[in-house]
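Rule-based calculations on the coordinates, nothing more; no lab input. Only a predicted model underlies this, so the values are computations on that prediction, with no experimental measurement involved. Note that we place each Cβ from the backbone using ideal geometry, even for glycine, and neighbour counts take in every protein chain shown.
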């Protein structure tokens, strides 16, 4: 696998240049090495043993990657989640900065005529990967999303920044029971994430990831207007850590959750993709054409694409991190300041860790 690794004190990240997926991320903390991101179990298996029609991004599914567009590429021809998730990137810059390291990668292909750069920044002593993507030039509009995935051996509990609502699409990911199974109702919506409708009747708690629920489900969370960064926190039971994913809601107004827990019976999934949660912060509806056209999110006042234009650049930022935690419950809140993050526990105590609070500055223009 053609990967490049960068590191700073206490953290390292590697990128699979063939498809732009993060191949690995390690955080050293508390005498442990945390690995917050997931890699598909079929990576490294002989190509001839896997279905012929799989996109490269599915064959090498790992970590986090840029979707542009998110889901179906039905405006400009490209595989699922677009060329940024399925084709090569080049290293255009890699070097030390004050207190850390910075690397810039460029997609060999263009997206809607735009040049796409991926920027990684690591800071000494910070348990976070700071990412930025920049689209320069182009025309039309593009939907985008990050696609970080974590995996849990024994499930876990989730917490979020305030959300306005949760909704499933019209059709489930696996409508054919001969191929897979889902648990949530489609379509459905709820304002209370702990009481979301299920297909069998009644409700389920979206904040509780239970391993006994074998399913393949997808639900979109719409950020509420709260004035701070958007965040997702996953308290992984067996791993005894807290995985943290943050965004600027003005740039990425929705968080799409992908529950993938043995819910697909066909190759390469084959019932072995277990305990995986995708935390897909985006500016998108399901599919490029749907994102550009009329869709339910627009009716809610939510943007679902970035406009592109020659002579202009569009950028958006994202953060992924992890810290040790023996607490089986996620935090009740997260607050950020210029140089730190405060993780607020259920019992009212606060834990402070190093964080670049300026990186996701709310109100920062998305036009570079």
- [ ] Compute the Cα gyration tensor for segment 177-249, then decide on rounded, prolate or oblate, letting a ≥ b ≥ c be the square roots of its eigenvalues: rounded whenever a/c is under 1.5, prolate when a/b is larger than b/c in the other cases, and oblate in all that remain.
- [x] oblate
Open item on the list: Given points 7 Å out from each Cα along the Cα-Cβ axis, report the residue 164 to residue 240 separation in nanometres with one decimal.
Closed with: 4.2 nm
Open item on the list: So, R0 is 35 Å and r is the distance between the beta-carbons of residue 258 and residue 108; what FRET efficiency does that work out to, to 0.05?
Closed with: 0.80
Task: Linear extension gain, residue 124 paired with residue 266, 0.36 nm per residue minus alpha-carbon span - done: 46.8 nm
- [ ] Apply 1/(1 + (r/R0)^6) to the Cβ-Cβ distance of residue 50 and residue 352, taking R0 = 35 Å, and write down the FRET efficiency to the nearest 0.05.
- [x] 0.15
Task: Length gained when the stretch residue 289-residue 33 is fully extended (0.36 nm per residue, less Cα-Cα span) - done: 88.0 nm
Open item on the list: Using Stokes-Einstein with the Kirkwood hydrodynamic radius over Cα pairs, what translational diffusion coefficient do you get for the chain at 37 °C and a viscosity of 0.692 mPa s, in µm²/s rounded to a whole number?
Closed with: 159 µm²/s
Task: Cα centroid of segment 189-231 to Cα centroid of segment 329-354, whole Å - done: 23 Å
TODO: Would you calculate the separation in nanometres between label points at residue 178 and residue 326, each defined as 7 Å from the Cα along the Cα-to-beta-carbon direction?
DONE: 5.2 nm
TODO: Take the alpha carbon atoms of segment 98-151, find their center, do the same for segment 304-328, and report the distance between the two centers in whole angstrom.
DONE: 8 Å
Open item on the list: Modelling each spin label as a point 7 Å along the Cα-to-Cβ direction, I'd like the residue 192/residue 98 distance in nm, to one decimal.
Closed with: 5.1 nm
